[in-house]
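The values are calculated or read from the model by the stated rules, or taken from the named source; none is laboratory data. Note that the structure is a prediction, hence the values are computed from the model and not measured. Ideal geometry is used to build each Cβ from the backbone, glycine not excepted, and the neighbour counts take in all protein chains shown. All accessible areas refer to the heavy atoms of the entire protein, side chains included, with ligands and DNA or RNA removed. Shrake-Rupley method; radii C 1.70, N 1.55, O 1.52, S 1.80 Å.
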Amino acid sequence: MSTNTGILQSKNLTKYILETSVFPREPKILKELRDATASHPWGFMGTAPDAGQLMALLLKLLNAKKTIEVGVFTGYSLLLTALSTPDDGKIVAIDPDREAYEIGQPFIKRAGVQHKIDFIESPALPVLDKLLEDPSNVGTFEFAFVDADKHNYWNYHERLVKLVKIGGLIIYDNTLWGGTVSWPEEDVPANKRESRQSALTFNKAIAGDSRIEISVASVGDGFTICRRAH
Ligand code: SAH
Ligand code: CA
């Protein structure tokens, strides 16, 4: 299968879910963007379609209008967000890699949702700090999606928990890191240990954060869904 299918469940179960419930309902333009990304050397980084489907549902449930995305890549989750928000929706989308974003841009334009997107070519931390400096941004976003450099997740969290309004959601992707979070350290390939450690540290910290309610969904590579409680 030419896509990021996630590896948390058995391959057969994932295949069943994708073929029965996800692919038949995936908007055509999103599939086209996914196909265009599959040939990219880092194409596996695109958000898993089953996780995307959950995200679209949550965006609609929230009636999210103002959102933030940290880690755009070619724009699968960004286009999905744009398709799941109203016509006057606004998405602040941050990524230092404009080249990857440009692969997805023709699809975003064809979908007629480019006007919702404010793409900022930069590492995310300084942009989030800048947003926070303006009181008219604080506590106004309904939704944020974080899918970037894993060692900064807690730094993003400290900012996003202030930018998102009470009742709003923040979703962190890849928090189960291919399932390795539950493995004994010695079984984890050396090149995965550092990111796994970031996930372990983040998961523990987020579980202890009383400002939010959480649910860890084992879709894709692990979605930690946080609701700002107060
Ligand atoms: N959500 C995307 C996948 C993101 S992959 C999708 O659905 O396709 C991770 C992305 O994080 C990469 O594009 C990378 O450039 C970006 N990234 C890395 N460091 C970052 C940083 N400091 N701030 C924002 N984005 C960053
Ligand atoms: Ca991801």
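Among the residues of segment 202-220, write down those that are open to solvent by less than 30 Å² (accessible area, probe 1.4 Å), part of a loop (DSSP other than H, G, I, E, B) and closer than 26 Å to L18 by Cβ. Lay out the reasoning, then the answer.
First, the residues of segment 202-220 that are open to solvent by less than 30 Å² (accessible area, probe 1.4 Å): 202, 206, 209, 212, 217, 220.
Checking the rest, the ones that are also part of a loop (DSSP other than H, G, I, E, B) come to 209, 220.
Residue satisfying the conditions is G220 alone.
Please indicate, with yes or no, whether at least one residue in segment 22-44 is under 18 Å from T224 (Cα atoms) and either in contact (Cβ under 8 Å) with a residue 12 or more places away in the chain or over 16 Å from the mean Cα position of the chain (by Cα) (or both). Write out each step before concluding.
Pass one, segment 22-44, residues under 18 Å from T224 (Cα atoms): none.
No: segment 22-44 contains no residue that is under 18 Å from T224 (Cα atoms) and either in contact (Cβ under 8 Å) with a residue 12 or more places away in the chain or over 16 Å from the mean Cα position of the chain (by Cα) (or both).
Among the candidates S182, S198, S215, single out the residue that is over 29 Å from Q105 (Cα atoms) and within 14 Å of ligand 1 (Cβ to nearest atom).
Values: S182 fails: within 14 Å of ligand 1 (Cβ to nearest atom); S215 fails: within 14 Å of ligand 1 (Cβ to nearest atom).
Result: S198 is the single residue among S182, S198, S215 that is over 29 Å from Q105 (Cα atoms) and within 14 Å of ligand 1 (Cβ to nearest atom).
So E102 passes all but one of these: (1) farther than 23 Å from Q53 by Cβ; (2) not in a helix (DSSP H, G or I). Which condition number does it fail?
Checking E102 against (1) farther than 23 Å from Q53 by Cβ; (2) not in a helix (DSSP H, G or I), the one that fails is (2).
Name the residues in segment 38-57 that are crowded, with 17+ Cβ neighbours inside 10 Å, in a helix (DSSP H, G or I) and either aliphatic (A, V, I, L, M) or at pLDDT below 95 (or both), would you? Give the steps one after another, and end with the answer.
First, pick out the residues of segment 38-57 that are crowded, with 17+ Cβ neighbours inside 10 Å: 43, 45-56.
Now narrow it down to the ones that are in a helix (DSSP H, G or I): 43, 45, 49-56.
Listed by number, the residues that qualify are G43, M45, A51, L54, M55, A56.
Would you call L80 open to solvent by less than 40 Å² (accessible area, probe 1.4 Å), away from ligand 2 (no atom under 16 Å from the Cβ) and at pLDDT 95 or above?
Values: open to solvent by less than 40 Å² (accessible area, probe 1.4 Å): yes; away from ligand 2 (no atom under 16 Å from the Cβ): no; at pLDDT 95 or above: yes.
Considered against the rule, which asks whether it is open to solvent by less than 40 Å² (accessible area, probe 1.4 Å), away from ligand 2 (no atom under 16 Å from the Cβ) and at pLDDT 95 or above, L80 comes out as no.
Could you list all residues from segment 144-176 that are of a type in the set (D, E, K, R), in contact (Cβ under 8 Å) with a residue 60 or more places away in the chain and open to solvent by 60 Å² or more (accessible area, probe 1.4 Å)?
Residue satisfying the conditions is K165 alone.
Restricted to segment 58-74, and to residues that are touching a Phe, Trp or Tyr at 6+ places or on another chain (Cβ under 6 Å) and assigned to a loop (DSSP other than H, G, I, E, B), which residue is farthest from ligand 1 (Cβ to nearest atom)?
Among residues in segment 58-74 that are touching a Phe, Trp or Tyr at 6+ places or on another chain (Cβ under 6 Å) and assigned to a loop (DSSP other than H, G, I, E, B), the one farthest from ligand 1 (Cβ to nearest atom) is A64.
For segment 83-104, state whether one or more residues are under 12 Å from the mean Cα position of the chain (by Cα), more than 14 Å from ligand 2 (Cβ to nearest atom) and open to solvent by less than 20 Å² (accessible area, probe 1.4 Å).
yes
State which residue is farthest from ligand 1 (Cβ to nearest atom) when the search covers only segment 148-167 and only residues that are part of a helix (DSSP H, G or I) and among the basic types (K, R).
So the first thing to find is which residues in segment 148-167 are part of a helix (DSSP H, G or I), and the list is 150-163.
Okay, now just the ones that are also among the basic types (K, R), so 150, 159, 162.
Values: K150: 9, R159: 12, K162: 18 Å.
Here the residue is K162.
Among the residues of segment 112-147, which ones are in contact with a Gly (Cβ under 7 Å, 6 or more places away or on another chain) and away from ligand 1 (no atom under 13 Å from the Cβ)? Can you show your working first?
Of segment 112-147, the ones in contact with a Gly (Cβ under 7 Å, 6 or more places away or on another chain) are 116, 141-143, 146-147.
Scanning segment 112-147 gives K116, F141, E142, F143.
Would you be able to say whether some residue in segment 129-143 is among the polar types (S, T, N, Q), within 26 Å of A199 (Cβ to Cβ) and open to solvent by less than 40 Å² (accessible area, probe 1.4 Å)? Outline the logic, then answer.
Restricting attention to segment 129-143, the residues satisfying the condition of being among the polar types (S, T, N, Q) are 136-137, 140.
This time we only want the ones that are within 26 Å of A199 (Cβ to Cβ), so: none.
Within segment 129-143 (the criterion being among the polar types (S, T, N, Q), within 26 Å of A199 (Cβ to Cβ) and open to solvent by less than 40 Å² (accessible area, probe 1.4 Å)), the answer is no, since none of the residues qualifies.
Could you list all residues from segment 4-26 that are within 14 Å of ligand 1 (Cβ to nearest atom) and at pLDDT 95 or above?
The one that is within 14 Å of ligand 1 (Cβ to nearest atom) and at pLDDT 95 or above: E26.
Would you confirm whether or not segment 172-194 contains a residue that is aliphatic (A, V, I, L, M), closer than 20 Å to T67 by Cα and over 14 Å from the mean Cα position of the chain (by Cα)? Steps first, answer last, please.
From segment 172-194, those aliphatic (A, V, I, L, M) are 176, 181, 188, 190; that's our starting set.
Applying the additional criterion that residues be closer than 20 Å to T67 by Cα yields none.
No, segment 172-194 contains no residue that is aliphatic (A, V, I, L, M), closer than 20 Å to T67 by Cα and over 14 Å from the mean Cα position of the chain (by Cα).
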